[in-house]
């Protein structure tokens, strides 16, 4: 291409022609910028094409993403040999990857310019995804995340005494006498004891009825991690009947434990009788001692085919003996949700915490509620 001649006094014409070419190449050069370009060319002169190139780029372009289009327009007016001495900034490509390979090269392996890599974590996606939307593959991937969750729970003061560094109400006379032998019989450093602190028992009750099936398959993994992670955790499932699965979930093999528990539960994905299930738990386990002073966690959507008054009365019995009742309802996260189901409405007055539990982030908040 033949370069346009640059002569003295042609600054305005050159500015108009350059602005038109750059605009055609894709850079929106306004009239104001065209006037400013003419003033810039008049100030620096037209004899040095490289200076003209630099001045025009600073006036016409709003950012690096317009440099390539500006260079194409400038070449249409003056030729490519002028551009050879100016590095043309190529806008960075945005590459999205899943924390694995760096996609800064094309399929042939040749670099295509600078890239800004935005990495997304598979774990973060799973943490925000609703349990009901999990595929079998995603459930397997989320298993190791749930295995790391360890519900600590609230604590209580034990009757057992332990050594204390502070002066307390319980002097340890025997230990003080033994230490006094080192100082000629003088009790220079008396030893005291205090009541120890122990974690409260945690009782987990999981609804495995048909309406809870998408969430129950995930929560049974959480139950297994809780039972195997610390002592003093009891696990039950209920639908049309109540089944204790603590022993089956206590193994160190998560998959084997879940399979063993599933074999024991005969009413998986069946109906729901919350009131009858809570009555049996209270009569056989809870009121007799298992729930006394414990943190009881009930995972259910609150749908009940039984008598809501029965559920309300059984929840009242449980509330009188338990330290705290946490009801986890995965449907609570649904927009516009209200606890209008008969079973949920009957149980809610006796719950200390009513929390959502539809994904891993919500499950973290459940664990926090256990220790409040």
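Read the figures in this text as sums done on the coordinates, not as results from a lab. Note that the coordinates shown come from a computational prediction; the quantities given were computed from them, not determined experimentally. Positions of Cβ are backbone-derived with ideal geometry, glycine not excepted, and every protein chain shown enters the neighbour counts.
Note on the stretch 242-313: Cα-Cα pairs beyond 19 Å make up 46% of the total pair count.
With neighbour counts taken as other beta-carbon atoms within 10 Å, the residues 134, 70 rank, fewest first, as 134, 70. The orientation-averaged projected area of the convex hull spanned by the Cα atoms of the stretch 11-85 comes to 4.2 nm².
The mean sequence distance of close C-alpha pairs (under 8 Å, at least 6 residues apart), as a share of the length of the stretch 213-304, puts its relative contact order at 25 percent.
Each peptide in 241-253, 318-330 receives the mean, over its residues, of other Cβ atoms within 10 Å, and ordering these scores from highest gives 318-330, 241-253.
Radius of gyration over Kirkwood radius for the stretch 235-372, both on Cα atoms: the Rg/Rh ratio is 0.95. Extension gain, residue 58 to residue 143: 0.36 nm times the residue separation minus the Cα-Cα distance gives 25.1 nm.
With neighbours defined as other Cβ atoms within 10 Å of a residue's Cβ, the residues 161, 41 order from fewest to most as 161, 41.
Ordered by the number of other Cβ atoms lying within 10 Å of each residue's own Cβ, fewest first, 60, 351 fall into the sequence 351, 60.
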